[in-house]
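Engineer: This is the structure I want to talk about, given as structure tokens.
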Amino acid sequence: MEPAQPAERGPVPPPGRTTADTDTDLLAGSDPAAAAPAGADPDVPPPGAGEPVARSERSPKDMAISLLVLLVPIALVFGFYRIFLGADEPVVIDPAPAVAQARSAGAFEVIDPTGVDDGWRPVTANFNGADGSATLRVGYVSPEGEGVQLVQSDVPAETLLPQELTADGQPQGVIEIGGRTWQRYTARPGERALVLLEPERTVMVVGSATEAELRDLADALE
């Protein structure tokens, strides 16, 4: 005969509880450690049950204050940059090297503003002597803050004018400035031009400045 197998044993109840109590807990699917305290009414929910979870919500006023705290330092830095570091001021350059290069090329007689108001600030200067032609360009910011270009070139006028003034540029009559006869021309939208047509060169003062400012610059050319 085979030796008798020991009978399977059920869960051993903790001290102070009977096997019946343990069976009841298992059938109910509950953890004995999480059971309700002795003497508690099963029909009464524990304290805090069913209460909504408190949310931490910020009022519009709090959000506005937080945004203001972020924006104020940015505004201070931006204001300092503009006022004390001259962020809106154009970068002034010295056009003398480009002018000297144009004179050395000898393609045409170069004229330069002399005695012009200090409000005229040169910001660009370039001489191009390639392809058998020569063009000197000097860009200015006028005293009223407008952009003006002084262009001197030996490129034929019939080619140069459409390039600089667009094909729609049209003569608007003549004007005497500094002993020279200039042509008034239309140009790109918002711009106007004064053009000096000579056999060996064409000189243009063109930009968004007023005609009075263009005349001032043309009159200073020597």
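Engineer: Of everything in the range 95-116 that's part of a loop (DSSP other than H, G, I, E, B) and not hydrophobic (A, V, I, L, M, F, W, C), which residue is surrounded by the most Cβ atoms within 10 Å (Cβ to Cβ)?
Structural biologist: Checked the range 95-116; the qualifying residue surrounded by the most Cβ atoms within 10 Å (Cβ to Cβ) is 95.
Engineer: Is one or more of the residues making up the range 72-86 surrounded by fewer than 16 Cβ atoms within 10 Å (Cβ to Cβ) and modelled with pLDDT of 95 or more?
Structural biologist: no
Engineer: Now, a different point. Please return the ranges of strands (runs of 3 or more DSSP E) entirely within the range 159-222 where 1 or more residues are open to solvent by 20 Å² or more (accessible area, probe 1.4 Å).
Structural biologist: In the range 159-222, 171-177, 180-186, 192-197 are the strands (runs of 3 or more DSSP E) which contain 1 or more residues that are open to solvent by 20 Å² or more (accessible area, probe 1.4 Å).
Engineer: Any residue in the range 101-123 that is closer than 16 Å to residue 198 by Cα sitting within a Cβ distance under 8 Å of a residue that is open to solvent by 60 Å² or more (accessible area, probe 1.4 Å) and basic (Lys, Arg)? List the pairs, counting only those 6 or more apart or interchain.
Structural biologist: Going by the 8 Å Cβ cut-off, the qualifying pairs are 110/103.
Engineer: Filter the range 127-158 down to residues that are outside any loop (DSSP other than H, G, I, E, B) and charged (D, E, K, R) and give me whichever is nearest to residue 182 (Cα to Cα).
Structural biologist: Checked the range 127-158; the qualifying residue nearest to residue 182 (Cα to Cα) is 158.
The values are calculated or read from the model by the stated rules, or taken from the named source; none is laboratory data. All values derive from a computational prediction rather than experimental measurement. When we count neighbours, we look across all protein chains shown, and the Cβ atoms used for this are built from the backbone with ideal geometry, even at glycine. All accessible areas refer to the heavy atoms of the entire protein, side chains included, with ligands and DNA or RNA removed. Shrake-Rupley method; radii C 1.70, N 1.55, O 1.52, S 1.80 Å.
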